[in-house]
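Peer 1: Have a look at this one before I ask anything.
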Amino acid sequence: MKRVLIVAAIAATLVGCSNVKAETFTPSNHDQVFTDISKSHLSDDEKALMVGAIARNAMGSYPLDGKTVGQILDEQKQFVAQQDAEARAQKEAQEKEAARVAAIQASIRQAVTVAILSKHYQEFDFENRITQSGTVLKIQFHNTGNKAIRAFKGQIEFDNQFGDKITTTNIDREDPIKPGEIQTDSLINEYGDAEIRTKPLDQMKVKWIPTAILFADGTKLSTEP
């Protein structure tokens with residue numbers, strides 16, 4: 001008789017666990033349902049879905065009351081699938097935009113090159129009419145394309161030998177430059193990192209990162225959307 005009762009108790013427990021998906025949440029039974037779920041035969045994936053749904057409920061974005069465990073599992077599965085689809089779409093959009101920007105930058109670099117010829121640091125000196133302190137960059141601009149350029153802009157990025165950015169300098173040039181022409185100019189990097197003052201050019205990687213170019217014929221290339 002004792003063995004029969006034990007078997008019956010085990011059977012009742014298994015039935016209760018197997019029916020956990022039919023349990024409905026109410027305002028007063030959350031703890032009991034959570035306990036039943038933890039003792040149930042739900043798969044690890046299903047329990048992970050429940051954890052996600054409970055987290056959303058804790059943040060106030062997803063109600064549990066009035067829904068069965070099975071319904072919540074279905075809805076959470078749909079939610080996760082939607083989130084994954086949105087993440088994939090966002091990644092694809094970002095990759096597409098990155099490819100667009102890279103292609104435009106490559107085209108601008110083919111039209112004009114920017115190189116740092118030298119640099120030195122100057123201190124403010126009123127008597128000698130030096131009104132700014134900072135790193136003075138001697139820059140060369142070369143129209144390497146076959147179209148006259150009216151203006152262009154972008155940044156020069158200085159990296160250390162590991163490729164970590166030290167600082168950047170904005171380039172916004174509106175002096176026309178003919179095909180094949182080379183121009184030089186000086187620019188003061190007033191707020192650059194102190195490292196750029198003392199580090200030799202051959203110990204830095206210099207990148208020309210163009211953002212827009214306006215040709216004399218009115219055509220334009222820009223990385224802006």
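The values are calculated or read from the model by the stated rules, or taken from the named source; none is laboratory data. These figures come from a predicted structure and were not determined experimentally. Positions of Cβ are backbone-derived with ideal geometry, glycine not excepted, and every protein chain shown enters the neighbour counts.
Peer 1: Applying the selection to region 183-196, what residues are touching a residue at least 12 places away in the same chain (Cβ under 8 Å) and either part of a loop (DSSP other than H, G, I, E, B) or more than 18 Å from Gly134 (Cβ to Cβ) (or both)?
Peer 2: Passing the criteria: Gln183, Thr184, Glu190, Tyr191, Gly192, Asp193.
Peer 1: Something else about it: With surrounded by 12 or more Cβ atoms within 10 Å (Cβ to Cβ), without any contact (Cβ under 8 Å) to a residue 12 or more places away in the chain and under 31 Å from the mean Cα position of the chain (by Cα) as the only criterion, which of Lys165, Lys205, Lys199 stands out? Give the derivation first.
Peer 2: Details: Lys205 fails: without any contact (Cβ under 8 Å) to a residue 12 or more places away in the chain; Lys199 fails: without any contact (Cβ under 8 Å) to a residue 12 or more places away in the chain.
Answer to the selection: Lys165.
Peer 1: So Gly60 ticks every box in (1) under 30 Å from Ala216 (Cβ atoms); (2) out of contact with any Phe, Trp or Tyr (no Cβ under 7 Å at 6 or more places or on another chain); (3) not in a helix (DSSP H, G or I) but one. Which box is left unticked?
Peer 2: (1)
Peer 1: Looking at Val114, Val69, Val33 in this structure, which one is of a type in the set (Val, Ile, Thr) and closer than 30 Å to Thr223 by Cβ?
Peer 2: Val114
Peer 1: Now for a different question. Counting only residues that are among the hydrophobic types (A, V, I, L, M, F, W, C) and under 29 Å from the mean Cα position of the chain (by Cα), which one in region 137-162 is modelled with the highest pLDDT? Even if it seems obvious, please write down each step before you answer.
Peer 2: Step one: filter region 137-162 for residues among the hydrophobic types (A, V, I, L, M, F, W, C), giving 137, 139, 141, 148-149, 151-152, 156, 158, 162.
Among the residues that remain, those that are also under 29 Å from the mean Cα position of the chain (by Cα) are: 152, 156, 158, 162.
Values: Phe152: 98, Ile156: 94, Phe158: 92, Phe162: 93.
The selected residue is Phe152.
Peer 1: Using the structure shown, decide if Gln105 is modelled with pLDDT of 95 or more, surrounded by 15 or more Cβ atoms within 10 Å (Cβ to Cβ) and under 21 Å from Val20 (Cα atoms).
Peer 2: It is false that Gln105 is modelled with pLDDT of 95 or more, surrounded by 15 or more Cβ atoms within 10 Å (Cβ to Cβ) and under 21 Å from Val20 (Cα atoms).
Peer 1: Same structure again: Working only within region 34-57, note down all residues that are among the small types (Gly, Ala, Ser), part of a loop (DSSP other than H, G, I, E, B) and farther than 16 Å from Thr24 by Cβ.
Peer 2: Across region 34-57, the qualifying residue is only Ser43.
Peer 1: Let me ask another. Give the residue that is surrounded by the most Cβ atoms within 10 Å (Cβ to Cβ), with candidates limited to residues of region 136-152 that are of a type outside the set (Gly, Ala, Ser) and closer than 14 Å to Gln110 by Cα.
Peer 2: Phe152
Peer 1: Just need a number here: residues in region 57-74 that are surrounded by 15 or more Cβ atoms within 10 Å (Cβ to Cβ) and either without any contact (Cβ under 8 Å) to a residue 40 or more places away in the chain or on the phi > 0 side of the Ramachandran plot (or both).
Peer 2: Number of matching residues: 4.
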